[in-house]
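One structure is given here, and the rest of the page talks about it.
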Amino acid sequence: MEKKVYSIDGKELRTINLDDKIFGLPINEDVIYYAITNELANMRVGTACTKTRAEVHGSNAKPYKQKGTGNARRGDKKSPIMVGGGTIFGPKPRDYSYAIPKKEKRLAMKTILSLQAQADRVTVVEDFTIESGKTKDLVKILTNLTQGEKPLQAAKKTRTVILLKDDDKLIKQAGRNLRNVHFLSFNRLRAHDLFYARKIVMLEGAAQNLSDFYAEKEAQ
């Protein structure tokens, strides 16, 4: 698949051939669903906790005698059917995380990249960094890549993912104040962020690194 490479000023520089094994796969909705569900489950903290009748604070004494009152028999005030009593089958702290096969996860990432590339949501830009680490410099670059859209629209209103060729701390520092801008390294992709991104800005070096990374994984 051929894609144009843009400068940080939004001008066309050249074309690049993206690896069809990553950006030209048929869409597999099942693996995308499994990968996103797995990520969301692993993010759950599982700290919800309710008290049973054995844990609720209160007296164990019988509120009234068993017979002769005309009321239903009652063991104590901590019964679940009493106000302030325990909870029946309530949630307890638990671990929601689980693992999926590595091959399935890699296939999901490649499928999502293929889906976004085929939907023309991937923009390849020359390698750059933000030496100043300032947000306004990153916003200026993103605005140049939006091809005439309103200023700051890409940075503040459109869910944007920037694919990095390495762990560039300066770029991440410049974008940490932008709510809808997310940063992913080529070897640490997240299915949820990629799938729901409306625009993916991929550094030219990241495209080559992706090809090498997945080729190495397939060879293992």
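Residue-wise test of (1) at pLDDT 90 or above; (2) of a type in the set (Val, Ile, Thr); (3) in contact with a Phe, Trp or Tyr (Cβ under 8 Å, 6 or more places away or on another chain); (4) closer than 24 Å to Ile16 by Cα.
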{"residue": "Arg121", "(1), (2), (3), (4)": "yes, no, no, yes"}
{"residue": "Val124", "(1), (2), (3), (4)": "yes, yes, yes, yes"}
{"residue": "Thr143", "(1), (2), (3), (4)": "no, yes, no, yes"}
{"residue": "Gln147", "(1), (2), (3), (4)": "no, no, no, yes"}
{"residue": "Ala154", "(1), (2), (3), (4)": "no, no, no, yes"}
{"residue": "Lys157", "(1), (2), (3), (4)": "no, no, no, no"}
{"residue": "Thr160", "(1), (2), (3), (4)": "yes, yes, no, yes"}
{"residue": "Leu163", "(1), (2), (3), (4)": "yes, no, yes, yes"}
{"residue": "Leu178", "(1), (2), (3), (4)": "no, no, no, no"}
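In the stretch 169-197, the residues that are over 28 Å from Lys102 (Cα atoms) and open to solvent by 10 Å² or more (accessible area, probe 1.4 Å) form Cβ pairs under 9 Å with partners that are acidic (Asp, Glu) and assigned to a loop (DSSP other than H, G, I, E, B), at six or more places apart or across chains, as follows: Leu170/Glu131. Open to solvent by 40 Å² or more (accessible area, probe 1.4 Å) and either under 30 Å from Ala215 (Cα atoms) or modelled with pLDDT of 95 or more (or both): does that describe Tyr34? The answer is yes for Tyr34.
Could you list all residues from the stretch 119-142 that are free of Cβ contacts under 8 Å to residues at least 40 places away in the same chain and not basic (Lys, Arg)? Working first, answer last.
Keep residues of the stretch 119-142 that are free of Cβ contacts under 8 Å to residues at least 40 places away in the same chain, which gives 119-120, 131, 136-137, 139-140.
Correct list: Ala119, Asp120, Glu131, Asp137, Val139.
Does Val45 fit the bill of being in a loop (DSSP other than H, G, I, E, B) and of a type in the set (Val, Ile, Thr)? Judged against the criteria, Val45 is a match.
Residues checked against (1) of a type in the set (Val, Ile, Thr); (2) without any contact (Cβ under 8 Å) to a residue 12 or more places away in the chain; (3) not in a loop (DSSP other than H, G, I, E, B):
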| position | (1), (2), (3) |
| --- | --- |
| Lys4 | no, no, yes |
| Arg14 | no, yes, yes |
| Tyr33 | no, yes, yes |
| Ala54 | no, no, no |
| Asn60 | no, no, no |
| Gln66 | no, yes, no |
| Ser79 | no, no, no |
| Thr87 | yes, no, no |
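Surrounded by 12 or more Cβ atoms within 10 Å (Cβ to Cβ) and among the polar types (S, T, N, Q): does that describe Thr52?
Working: surrounded by 12 or more Cβ atoms within 10 Å (Cβ to Cβ): yes; among the polar types (S, T, N, Q): yes.
Judged against the criteria, Thr52 is a match.
When restricted to residues that are open to solvent by less than 50 Å² (accessible area, probe 1.4 Å), under 18 Å from Gln116 (Cα atoms) and not in a strand (DSSP E or B), the stretch 198-208 contains 3.
State whether the residues of the stretch 83-91 include one that is under 30 Å from Val31 (Cα atoms) and surrounded by 11 or more Cβ atoms within 10 Å (Cβ to Cβ).
So the first thing to find is which residues in the stretch 83-91 are under 30 Å from Val31 (Cα atoms), and the list is 91.
From what's left, surrounded by 11 or more Cβ atoms within 10 Å (Cβ to Cβ): 91.
Within the stretch 83-91, one or more residues are under 30 Å from Val31 (Cα atoms) and surrounded by 11 or more Cβ atoms within 10 Å (Cβ to Cβ).
Within the stretch 89-142, being within 19 Å of Ile200 (Cβ to Cβ) and in a loop (DSSP other than H, G, I, E, B) holds for Ala119, Asp120, Arg121, Glu126, Asp127, Phe128, Thr129, Ile130.
What number of residues within the stretch 16-31 satisfy the criterion of being outside any helix (DSSP H, G or I) and either over 26 Å from the mean Cα position of the chain (by Cα) or crowded, with 17+ Cβ neighbours inside 10 Å (or both)? Can you show your working first?
Kept after step one, since they are outside any helix (DSSP H, G or I), are these residues of the stretch 16-31: 16-19, 24-28.
Subset that is either over 26 Å from the mean Cα position of the chain (by Cα) or crowded, with 17+ Cβ neighbours inside 10 Å (or both): 16-19, 25, 28.
Residues meeting the conditions: 6.
The values are calculated or read from the model by the stated rules, or taken from the named source; none is laboratory data. Keep in mind that what you see is a predicted model, and the values were worked out from it rather than measured. Please note: Cβ atoms are built from the backbone with ideal geometry, for glycine as well, and neighbour counts cover all protein chains shown. Surface accessibility is based on the protein's heavy atoms, side chains included, excluding ligands, DNA and RNA. Shrake-Rupley method; radii C 1.70, N 1.55, O 1.52, S 1.80 Å.
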